[in-house]
Amino acid sequence: MAEHFPSSSGFGVFPQPDQTIAIVIVDSKYSPPNYWNGRWRSWYLLDPSSGSISGSVELDIHYFEDGNVRLTTRKEIGFTVSDATDSPAVVAQIAAHESEYQDELNRSLVGLNEGPFKALRRQLPVTRPK
């Protein structure tokens, strides 16, 4: 957790009545002096009998200097582990899938900055000189 979430994060592992195991990860970072806040929430259900893991990652980012910009996104994740009783292997697979999603988001946001957001900006000031 400390490697991926440097702020005050929380996690829990909870047995469920249907013999599955719920894994929950939450991290929030608030920076009002810098005009932004963010929250990462992910949850997974591990079925020990089949080794299948299903869940989702939810991200909520709010930037509020000179206006409001908010990004909320959710991705469903599902995969299978070979040995559901090997806790380090389960944690490593979850970390790998979450890192992959974070890389995917980073690529998308850089693309937005270079494409649609750049097109929204005024090419020349109103007075016309560069």
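List, in order, the whole-Hz ³J(HN,Hα) value for each residue of the range 9-16 obtained from phi through the Karplus relation with A = 6.51, B = -1.76, C = 1.60 and θ = phi - 60°; use x for Gly and Pro.
Each residue of the range 9-16 in turn: 9, x, 8, x, 10, 10, x, 9 Hz.
Suppose every Lys and Arg Cβ carries +1 and every Asp and Glu Cβ carries -1, with no other charges. What dipole size does the chain come out with about its Cα centre, to the nearest 20 debye?
I would put it at about 1100 debye.
Need the full-extension length gain, residue 79 to residue 104, defined as separation in residues times 0.36 nm minus the C-alpha distance. One decimal, nm. Numbers along the way, then the final one.
Numbers: separation 25, 0.36 × 25 = 9.00 nm, distance 1.75 nm.
That works out to 7.2 nm of additional length.
Around residue 90, what is the net charge, scoring Lys/Arg as +1 and Asp/Glu as -1 over all other residues with Cβ under 13 Å from its Cβ? Don't skip to the end; give the middle numbers.
Numbers: positive: none; negative: 47, 83, 86, 98.
After counting each charged neighbour, the total is -4.
Let me have the relative contact order for the range 1-55, percent, based on Cα pairs under 8 Å that are six or more residues apart. The partial results should precede the final answer.
On the way: 89 pairs, mean separation 15.0, N = 55.
Over the range 1-55, the number comes to 27 percent.
Taking θ = phi - 60°, what integer Hz values does the Karplus form 6.51 cos²θ - 1.76 cosθ + 1.60 yield along the range 47-61, in sequence order, with x for Gly and Pro?
9, x, 6, 9, x, 7, 10, 10, x, 8, 10, 10, 10, 9, 10
Per residue and in cubic angstrom, what volume does the convex hull of the Cα atoms of the chain have? Provide the component values of the computation, followed by the final result.
Values: hull volume 17.6 nm³, N = 130.
About 135 Å³ per residue, rounded to a whole number.
Of the options 43, 17, 87, report the single residue whose Cα projects farthest towards the positive end of the charge dipole of the chain (beta-carbon charges: Lys, Arg +1; Asp, Glu -1).
Checked the options; the winner is 43.
Taking K and R as +1 and D and E as -1, what net charge do the other residues with C-beta under 11 Å from the C-beta of residue 104 add up to? Let's see the in-between values first.
On the way: positive: 75, 107; negative: 98, 100, 103.
Net charge around residue 104: -1.
Would you grab the residues whose amide H sits under 5 Å from the one on residue 77? Only those 5+ places off in sequence or on another chain, please, with H modelled 1.01 Å from N.
55, 56, 57
Mind listing the phi-derived Karplus ³J(HN,Hα) values for the range 93-107, rounded to whole Hz, using 6.51, -1.76 and 1.60 with θ = phi - 60°, and x for any glycine or proline?
5, 4, 4, 5, 5, 5, 5, 4, 5, 5, 4, 4, 5, 4, 4
Add -39500 (n - 2.57) for each DSSP H run of 4 or more in the chain, then divide by its residues: what number comes out at 222 nm, to the nearest 500 deg cm²/dmol? List each step's numbers first, then the result.
Numbers: 2 runs with 33 residues, N = 130.
Helices in the chain give a 222 nm mean residue ellipticity of -8500 deg cm²/dmol.
Please state the relative contact order of the chain as a whole percent: Cα pairs under 8 Å, 6+ residues apart?
Values: 185 pairs, mean separation 17.7, N = 130.
Contact order relative to length: 14 percent.
Read-outs: derived from the displayed coordinates by stated rules, not from any lab. Computed from a predicted model, the values in this text were never measured in an experiment. Reconstructed Cβ throughout: ideal geometry from the backbone, glycine too, with neighbour counts over all protein chains shown.
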